[in-house]
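Asks: Below is a structure I'd like to ask you about.
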Amino acid sequence: MQCGTSLTIPGLCLAMAVLVGCSASAPPVADRTVTVNVSYAEAPPANASIDIRVVEVSGPDRAIAGSLNAPATAGPFEIRIPAQRIKETQQYGLEIHVVDNGVAILRNREPYYVLTRGNPDRVNATLVRR
């Protein structure tokens, strides 16, 4: 008795490619959260707000990956960053400003790097007079 096959060599190759492609797909990348604890060199006014941006700092564009605006006294602050905005080959840093009546009065003087290249998702930041 002879077995017949209906697959040709190109058909078999296509079937194998589909199977390999399905089994080799990478797991979905999850959204990330950066948590920022802030200490102030001087207390901000009661009505002040804080602006925190997670910015790609390894290139000239400084694309914003995520941001948050909240009352300055509400910390710790959590910024959710969609997975598609994070590239593991890039470096991300925080830009933090406390704003009172439309004027930035406090900021981070030193860089705080987050998310990639071994940097943390949780940061303790100190803000100083602008």
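Asks: To the nearest 20 debye, what charge dipole does the range 21-130 have about its Cα centre, counting +1 at the Cβ of each Lys and Arg and -1 at the Cβ of each Asp and Glu? Before the final figure, lay out each step's value.
Replies: Numbers: 12 positive and 11 negative charges, 25 e Å.
My answer is approximately 120 debye.
Asks: Further question on the same structure: What residues from the range 108-129 fall in the zone where the backbone N is under 14 Å from a label point 7 Å along the Cα-to-C-beta line of residue 70?
Replies: It comes to 122-125, nothing else.
Asks: At 0.36 nm per residue, minus the direct Cα-Cα distance, what do residue 88 and residue 62 gain on full extension? Give it in nm, one decimal, please.
Replies: 7.8 nm
Asks: Give me the base-10 log of I(q)/I(0) for the range 41-130 at each q in 0.11, 0.18, 0.20, 0.25 Å⁻¹, Debye formula, one uniform scatterer per Cα, rounded to two decimals.
Replies: -0.31, -0.79, -0.94, -1.31
Asks: Next up: Using a 1.4 Å probe on the protein heavy atoms, what percent of the accessible area of the range 65-124 belongs to carbon and sulfur? Please list the in-between numbers first.
Replies: Working: 1510 of 3390 Å².
Carbon and sulfur: 44 percent of the exposed surface of the range 65-124.
Asks: Continuing with this model, one more query. Within 10 Å, count the other beta carbons around each residue, average over each peptide in 92-99, 103-110, 117-124, and list them highest first.
Replies: In descending order of packing, they fall as 92-99, 103-110, 117-124.
Asks: Taking the highest mean first, how do the peptides 30-41, 48-59 order by number of other beta carbon atoms within 10 angstrom per residue?
Replies: Numbers: 30-41: 15.6, 48-59: 18.5.
By packing density, highest mean first, the sequence is 48-59, 30-41.
The values are calculated or read from the model by the stated rules, or taken from the named source; none is laboratory data. Keep in mind that what you see is a predicted model, and the values were worked out from it rather than measured. As a convention, Cβ positions derive from the backbone with ideal geometry for all residues, glycine included, and neighbour counts pool all protein chains shown. To get the accessible areas, we keep the full protein, side chains included, count just its heavy atoms, and leave off ligands, DNA and RNA. Shrake-Rupley method; radii C 1.70, N 1.55, O 1.52, S 1.80 Å.
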